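Asker: Following this message is one structure expressed as structure tokens.
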Amino acid sequence: MDDLLKSLPSEESAVTMAEDLIAICSRGGFTLTQWISNSREVLQCIPGELRSQTLCELNLDSDELPLDRALGLQWCTETDSFKFKLKVKEKPSTKRGMLSTISSIYDPLGFLAPLILPAKLLLQELCRMKWGWDDPIPLIFQNQWNRWLTDLEKLADFQVSRCIKPEGFGEVINAQLHHFSDASESGYGTATYVRMQNSNKRVHVSFLFGKARVAPLKPVTIPRLELTAAVMAVRLNNMLQSELQLPLEKACFWTDSTSVLKYIKNEDRRFQTFVANRVTIIRDNTDIEQWRHVPSSLNPADDASRGFKVDSLLNQKWIESPTFLWEPEDKWPKSPMNFSMTTDDPELKKTPLINATVINSNATSQLISFFSDWQKLKLAVAWFLKLKGVLLKLSKRRKGLQLTNSVTTETSTLELTKEMQALKNSLGNQSVSLEDLTQAETAIISFCQRERFPDEFAALTSRNSEIPRSSPIYKLDPVLQDGLLRVGGRLSKAAIPENIKHPLILAKDQHISYLILRHFHLQLGHGGRNHVLSVIRRKFWITNGGPCTLKWLTL
């Protein structure tokens with residue numbers, strides 16, 4: 001079983017909890033030992049054999065309570081504070097030895113984060129130089145490393161109160177987390193404080209969490225590092241919100257970077273991927289109103305991004321919160337009003353210049369381009385032709401009634417309405433026949449040919465004109481049959497069907513050609529290119545439509 005660290009609001013509740021735990025576990029044959037508390041009254045209620053070994057020979061009435069460990073931290077039970085008495089083992093002055101020493105400092109809450117940052121920067125500089133892990137470090141680095149190790153001995157005078165609220169503060173009515181973030185060329189970090197208020201409107205602010213990281217080896221701009229620090233503050237807020245058992249209000253995030261505030265509050269511009277991803281994380285987990293600006297001189301996270309020596313840590317400036325948090329909200333620093341993005345910001349995505357050409361196309365071309373299936377296109381055109389026939393009948397009937405003066409206008413309108421309803425009902429009961437599909441196919445082919453080969457139609461219609469040699473279908477010796485362009489040649493005397501002798505001509509780059517190719521390809525069970533092309537040429541001849549044109553069939 002691991003250790004348990006529990007805080008309770010009063011000594012009475014602590015005594016009750018201890019007695020209940022000991023009784024419940026003893027029923028199952030478990031004996032809870034190593035009890036320790038910062039309250040002498042609580043320790044008096046616990047049997048001596050169950051107390052911590054450091055309390056065995058201790059007189060609880062007069063002796064000072066000892067220093068013990070609580071989940072890896074050194075806890076001074078007499079003053080109820082955390083202390084740091086580091087006993088650094090001697091390690092070789094190499095990268096491996098430095099890493100081992102830095103990693104041995106256990107600081108889960110980040111009290112020493114700015115103090116450890118200079119050592120991490122020293123190690124990073126050796127990595128940038130690609131120094132060997134077991135090679136002795138250069139003399140200049142050796143001196144800096146020795147000075148940092150000497151400073152660690154001064155940590156014996158540093159202590160932090162374990163409880164985040166003072167004695168006699170009473171019940172916390174509301175609490176609010178304040179996250180400060182900052183970045184520099186060396187690193188970036190955050191500092192989190194909790195601002196509590198009791199029923200008497202008394203305010204108390206305590207340090208809660210700190211974190212400091214070195215900047216990456218790859219050069220990154222300061223605005224990007226500031227944004228990375230802001231993301232780290234958001235993630236810490238999510239963790240603390242789920243762990244703290246306090247009536248927390250919406251957290252407040254402070255940064256001295258106006259660029260970060262502009263990125264977060266932007267609504268109409270697009271950013272580069274690095275900035276866009278981090279802004280998305282921030283916007284998904286926080287509201288815009290939670291972000292505020294703080295001057296650099298008042299930002300405690302500045303220490304986390306640059307680091308300091310032990311002397312600065314002993315002054316408690318890092319642990320003590322900014323003074324303005326103790327004051328009413330109307331006295332907090334005001335944010336700049338202008339958060340508009342400038343067009344020269346390097347993180348803005350440049351808007352590409354798009355030139356568009358408007359091509360006048362009629363409704364029939366748009367209809368053909370709309371469909372991706374040959375059969376569905378023919379079916380739609382067949383229904384349009386049926387509707388066209390109905391409208392033509394109504395138009396002729398109306399003209400006929402207008403020419404005869406034997407009926408009044410009211411009567412003619414009534415008759416037209418009845419006939420229109422009758423035709424509508426008959427159209428709804430009809431179905432598309434094979435003949436209708438054939439007519440639709442002919443209409444589609446005729447339209448596409450006249451759209452692509454207007455000069456050829458004009459030349460074949462006029463007896464004295466010839467198709468120019470520059471025509472893409474000149475070598476096909478085209479002929480005009482029933483208003484459609486077909487391939488000519490000497491096959492006219494062959495004993496084969498008419499469609500095979502004179503296939504219909506289509507242009508390769510027309511949408512209808514793609515529909516026909518796809519239709520036959522699927523109909524033939526994804527057959528080979530040559531097989532599909534030979535079947536298509538029994539009815540259609542697509543210009544420049546050799547086997548290479550059908551390479552998409554194998555995709």
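The values are calculated or read from the model by the stated rules, or taken from the named source; none is laboratory data. This one's a predicted model, so the numbers in the text were calculated from it and none came from an experiment. Note that we place each Cβ from the backbone using ideal geometry, even for glycine, and neighbour counts take in every protein chain shown.
Asker: Report yes if some residue within segment 347-360 is in contact with a helix residue (DSSP H, G or I) (Cβ under 8 Å, 6 or more places away or on another chain), assigned to a loop (DSSP other than H, G, I, E, B), on the phi < 0 side of the Ramachandran plot and not assigned by TED's automatic domain parsing to the domain that holds SER181; otherwise report no.
Answerer: Checked segment 347-360: at least one residue is in contact with a helix residue (DSSP H, G or I) (Cβ under 8 Å, 6 or more places away or on another chain), assigned to a loop (DSSP other than H, G, I, E, B), on the phi < 0 side of the Ramachandran plot and not assigned by TED's automatic domain parsing to the domain that holds SER181.
Asker: Among the candidates LEU524, LEU550, single out the residue that is modelled with pLDDT under 80 and not polar (S, T, N, Q).
Answerer: Matching residue, one of LEU524, LEU550: LEU550.
Asker: If you don't mind, another one. Counting only residues that are under 19 Å from LEU117 (Cβ atoms), within 43 Å of the chain's Cα centre (by Cα) and without any contact (Cβ under 8 Å) to a residue 60 or more places away in the chain, which one in segment 130-162 is surrounded by the most Cβ atoms within 10 Å (Cβ to Cβ)?
Answerer: ILE137
Asker: Another question, then. Could you list all residues from segment 493-517 that are within 17 Å of GLU441 (Cα to Cα), surrounded by fewer than 17 Cβ atoms within 10 Å (Cβ to Cβ) and without any contact (Cβ under 8 Å) to a residue 24 or more places away in the chain?
Answerer: GLU498, TYR514
Asker: Criterion first (surrounded by fewer than 15 Cβ atoms within 10 Å (Cβ to Cβ), in contact with a helix residue (DSSP H, G or I) (Cβ under 8 Å, 6 or more places away or on another chain) and not assigned by TED's automatic domain parsing to the domain that holds SER365) does GLY483 satisfy it?
Answerer: yes
Asker: Count, please, the residues in segment 236-275 that happen to be touching a residue at least 12 places away in the same chain (Cβ under 8 Å) and closer than 23 Å to MET196 by Cα.
Answerer: Matching residues across segment 236-275 total 16.
Asker: Looking at segment 72-99, I want the residues that are under 13 Å from ALA156 (Cα atoms) and have a partner that is of a type in the set (S, T, N, Q) and modelled with pLDDT of 90 or more with Cβ atoms under 6 Å, at least 6 apart or on another chain. Which pairs are those?
Answerer: Once the first residue is under 13 Å from ALA156 (Cα atoms) and sits in segment 72-99, its partners that are of a type in the set (S, T, N, Q) and modelled with pLDDT of 90 or more give VAL88/THR101.
Asker: Sticking with this one: Just wondering, is there one or more residues in segment 46-54 that are among the hydrophobic types (A, V, I, L, M, F, W, C), outside the structural domain of VAL172 (by TED's automatic domain parsing) and under 30 Å from GLU171 (Cα atoms)?
Answerer: Checked segment 46-54: at least one residue is among the hydrophobic types (A, V, I, L, M, F, W, C), outside the structural domain of VAL172 (by TED's automatic domain parsing) and under 30 Å from GLU171 (Cα atoms).
Asker: Any residue in segment 477-491 that's within 9 Å of LEU504 (Cα to Cα): show its pairings with residues that are among the acidic types (Asp, Glu) at Cβ separation under 7 Å, as long as the two are six or more apart or on different chains.
Answerer: Here the result reads LEU485/GLU456, each pair linking segment 477-491 to a residue that is among the acidic types (Asp, Glu).
Asker: Just a yes or no: is a residue in segment 441-450 outside the structural domain of SER369 (by TED's automatic domain parsing), more than 53 Å from the chain's Cα centre (by Cα) and of a type in the set (Asp, Glu)?
Answerer: So far as segment 441-450 goes, no, none of its residues is outside the structural domain of SER369 (by TED's automatic domain parsing), more than 53 Å from the chain's Cα centre (by Cα) and of a type in the set (Asp, Glu).
Asker: Residues to consider are LEU298, LEU313; find the one that is within 13 Å of PHE180 (Cα to Cα) and not hydroxyl-bearing (Ser, Thr, Tyr).
Answerer: Only one candidate qualifies: LEU298.
Asker: Inspect segment 263-283 for any residue being within 21 Å of ASP182 (Cβ to Cβ), at pLDDT 90 or above and in contact with a strand residue (DSSP E or B) (Cβ under 6 Å, 6 or more places away or on another chain) and give the result as yes or no.
Answerer: Yes, the conditions are met somewhere in segment 263-283.
Asker: Restricting to segment 1-49, count the residues that are within 50 Å of the chain's Cα centre (by Cα), of a type in the set (Ser, Thr, Tyr) and over 24 Å from GLN245 (Cα atoms).
Answerer: Residues in segment 1-49 being within 50 Å of the chain's Cα centre (by Cα), of a type in the set (Ser, Thr, Tyr) and over 24 Å from GLN245 (Cα atoms): 1 in total.
Asker: Which residues, counting only those in segment 295-326, are outside any loop (DSSP other than H, G, I, E, B), surrounded by 14 or more Cβ atoms within 10 Å (Cβ to Cβ) and in contact with a strand residue (DSSP E or B) (Cβ under 9 Å, 6 or more places away or on another chain)?
Answerer: Within segment 295-326, LEU298, ALA301, ASP302, ASP303, ALA304, SER305, ARG306, LEU325 meet the criteria.
Asker: With the requirement that a residue be over 23 Å from GLN439 (Cβ atoms), aliphatic (A, V, I, L, M), more than 60 Å from the chain's Cα centre (by Cα) and outside any loop (DSSP other than H, G, I, E, B), what does segment 461-506 give you?
Answerer: Result: LEU491, single match.
Asker: Any idea which of (1) within 44 Å of the chain's Cα centre (by Cα); (2) closer than 30 Å to GLN245 by Cβ; (3) surrounded by 13 or more Cβ atoms within 10 Å (Cβ to Cβ) is the one GLU125 doesn't satisfy?
Answerer: Result: GLU125 fails condition (2) only.
Condition check ((1) in contact with a strand residue (DSSP E or B) (Cβ under 9 Å, 6 or more places away or on another chain); (2) modelled with pLDDT of 85 or more) across all residues:
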| position | (1), (2) |
| --- | --- |
| SER446 | yes, yes |
| PRO454 | no, yes |
| PHE457 | yes, yes |
| ARG463 | no, no |
| LEU480 | yes, yes |
| VAL487 | yes, yes |
| ALA494 | no, no |
| ILE500 | no, no |
| ILE505 | yes, yes |
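Asker: Confirm whether ILE542 is of a type in the set (A, V, I, L, M) and modelled with pLDDT of 85 or more.
Answerer: Yes.
Asker: Of all residues in segment 187-213, which are farther than 24 Å from GLN159 by Cβ and surrounded by 19 or more Cβ atoms within 10 Å (Cβ to Cβ)?
Answerer: Hits for segment 187-213 are GLY187, TYR188, ARG213.
Asker: Kindly indicate which of ARG292, ARG269 is in a loop (DSSP other than H, G, I, E, B) and surrounded by fewer than 18 Cβ atoms within 10 Å (Cβ to Cβ).
Answerer: Criteria check complete, one pass: ARG269.
Asker: For segment 173-185: of the residues being closer than 13 Å to ALA229 by Cβ and in contact with a strand residue (DSSP E or B) (Cβ under 7 Å, 6 or more places away or on another chain), which is surrounded by the most Cβ atoms within 10 Å (Cβ to Cβ)?
Answerer: The selected residue is SER181.
Asker: May I pose another question? Give just the number: which of (1) under 30 Å from PRO136 (Cβ atoms); (2) within 38 Å of the chain's Cα centre (by Cα) does PRO108 not satisfy?
Answerer: For PRO108, the exception is condition (1).
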